[in-house]
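The values are calculated or read from the model by the stated rules, or taken from the named source; none is laboratory data. The shown structure was predicted, so the numbers you read here are calculated from the model rather than taken from an experiment. Here Cβ is always computed from backbone atoms with ideal geometry, including for glycine, and neighbour counts include all displayed protein chains. Side chains are part of the model used for accessible areas, which takes the heavy atoms of the whole protein and leaves out ligands, DNA and RNA. Shrake-Rupley method; radii C 1.70, N 1.55, O 1.52, S 1.80 Å.
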Amino acid sequence: MVATSTMKSKNSECVSELIDRRLDHAQIDEELDYWYHGLIEPNLNGEVFEERTCQNLAKMFENCLSRAKKTKLHCSEVLVPEKLTSRIARDVLRLSSGEPCGLRGCILFINLEVENVCKKLDRIIYDSSVVPTFELTLVFKQDSSAWPSLRDFFLIGACFSPGFRHALKLSPGFRLVKKKLYSPSAGTVVEEY
């Protein structure tokens with residue numbers, strides 16, 4: 001796609017291509033403005049892409065925790081420290097940056113460590129059309145310093161079956177383990193945060 005040098009006179013071929021994709025005028029202007037700014041400030045284009053990828057990854061982590069809370073974690077809510085999923089997403093991108101296919105070649109296993117036992121929560125394949133070249137294992141950690149509230153004691157007996165917690169609080173710490181699939185000499189990288 002080609003954008004012109006001024007925002008007022010946008011290339012008619014580009015506009016017709018976007019109309020063929022059935023976009024409305026607001027979407028067309030937004031699309032062309034994105035490409036226009038990317039041409040003027042090329043570094044911003046990469047930063048915008050990386051930020052969007054981080055946001056998507058963080059959302060994937062949040063969705064994973066949401067799905068797992070009743071089925072695997074047996075609780076009604078998971079309390080996540082502010083910006084934890086964003087920090088993890090940035091570290092996942094950093095570890096993926098040196099790989100041939102980047103994040104697209106990653107299989108991401110998500111676990112939770114509770115009382116020195118790892119529970120498997122989910123497996124995410126970022127791009128199923130790419131043959132995986134490495135695995136990342138993310139281990140969330142339970143905040144063991146948190147005391148359960150009185151409300152949790154009352155709710156456990158009154159409303160929930162045995163073994164069902166009201167809230168699970170995550171620690172701000174986590175672990176990422178990277179394993180290359182096609183390079184046995186590379187070894188495993190473990191990063192603890």
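Only one entry in S129, S76 is modelled with pLDDT of 90 or more and small (G, A, S), namely S129. Close Cβ contacts (under 6 Å, 6 or more residues apart or on different chains) running from residues in the range 172-193 that are closer than 18 Å to A89 by Cβ to residues that are surrounded by fewer than 14 Cβ atoms within 10 Å (Cβ to Cβ) and among the hydrophobic types (A, V, I, L, M, F, W, C) comprise V177/V190; K178/V189. Hey, could you check the range 111-147 for residues that are crowded, with 16+ Cβ neighbours inside 10 Å and among the acidic types (D, E) and say which is farthest from V92 (Cα to Cα)? Filtering the range 111-147 for residues that are crowded, with 16+ Cβ neighbours inside 10 Å and among the acidic types (D, E), the one farthest from V92 (Cα to Cα) comes out as E113. Summed over the range 51-88, the residues that are over 8 Å from the mean Cα position of the chain (by Cα) and of a type in the set (G, A, S) give a count of 3. Name every residue in the range 148-190 that is surrounded by 13 or more Cβ atoms within 10 Å (Cβ to Cβ), at pLDDT 70 or above and not aliphatic (A, V, I, L, M), in order of residue number. Answer for the range 148-190, where residues must be surrounded by 13 or more Cβ atoms within 10 Å (Cβ to Cβ), at pLDDT 70 or above and not aliphatic (A, V, I, L, M): H166, K169, S171, P172, G173, F174, R175, K178, K179, K180. Cβ-Cβ distances below 8 Å connect the following pairs, each with a first residue in the range 96-122 that is without any contact (Cβ under 8 Å) to a residue 24 or more places away in the chain and more than 11 Å from T137 (Cβ to Cβ), a second residue that is open to solvent by less than 20 Å² (accessible area, probe 1.4 Å) and of a type in the set (S, T, Y), and a separation of six or more residues or different chains: G102/S96.
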